[in-house]
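The structure appears below as structure tokens.
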Amino acid sequence: EGGLNIHHVNGIVIGEGVIIGKNLNIFQQVTIGKKESGYPVIGDDVTIYPGAKVIGNIKIGNNSIIGANSVVNKDVAEGKVVAGVPARDISKK
């Protein structure tokens, strides 16, 4: 169980202190990295679409989706869909 699924290897940056859960799906041009005090913690079954930036001492909840070209600098709750700059919850209610 577990795994890391990289759909397109081009331009992916993952910082050395990032913690990644099981079954991360990641696309091209994604950056997951440090800002000031820490690195992100990525939960299980997360998908990060092309061009997204996930930065800082934040948590991305299990079963979350990060939209293309989003900038995520705050926690994302479990099961949420976020998009935009800065990213905000666009989950259907």
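Scanning region 64-84 finds no residues that are over 15 Å from Ile19 (Cβ atoms), in contact with a strand residue (DSSP E or B) (Cβ under 7 Å, 6 or more places away or on another chain), open to solvent by less than 70 Å² (accessible area, probe 1.4 Å) and modelled with pLDDT under 95.
Of all residues in region 1-44, those being in contact with an Asp or Glu (Cβ under 6 Å, 6 or more places away or on another chain) and among the polar types (S, T, N, Q) number 1.
Hey, any hits in region 41-48 for a residue that's surrounded by fewer than 16 Cβ atoms within 10 Å (Cβ to Cβ), in a strand (DSSP E or B) and touching a strand residue (DSSP E or B) at 6+ places or on another chain (Cβ under 8 Å)? The answer is no; no qualifying residue exists. Scanning region 8-17 for residues that are assigned to a loop (DSSP other than H, G, I, E, B) and surrounded by 14 or more Cβ atoms within 10 Å (Cβ to Cβ) yields Ile12, Gly15.
Residue count for region 51-63 under the criterion of being buried (at least 18 other Cβ atoms within 10 Å of the Cβ) and either at pLDDT below 95 or assigned to a loop (DSSP other than H, G, I, E, B) (or both): the result is 2. Annotation note: of Ile90, Ile26, Ile20, the sole residue that is of a type in the set (A, V, I, L, M, F, W, C), open to solvent by less than 40 Å² (accessible area, probe 1.4 Å) and without any contact (Cβ under 8 Å) to a residue 24 or more places away in the chain is Ile26.
The values are calculated or read from the model by the stated rules, or taken from the named source; none is laboratory data. Note that the coordinates shown come from a computational prediction; the quantities given were computed from them, not determined experimentally. Here the Cβ is made from the backbone with ideal geometry for all residues, glycine too, and neighbour counts use every protein chain on show. Protein only, heavy atoms only, side chains kept; ligands, DNA and RNA dropped before computing areas. Shrake-Rupley method; radii C 1.70, N 1.55, O 1.52, S 1.80 Å.
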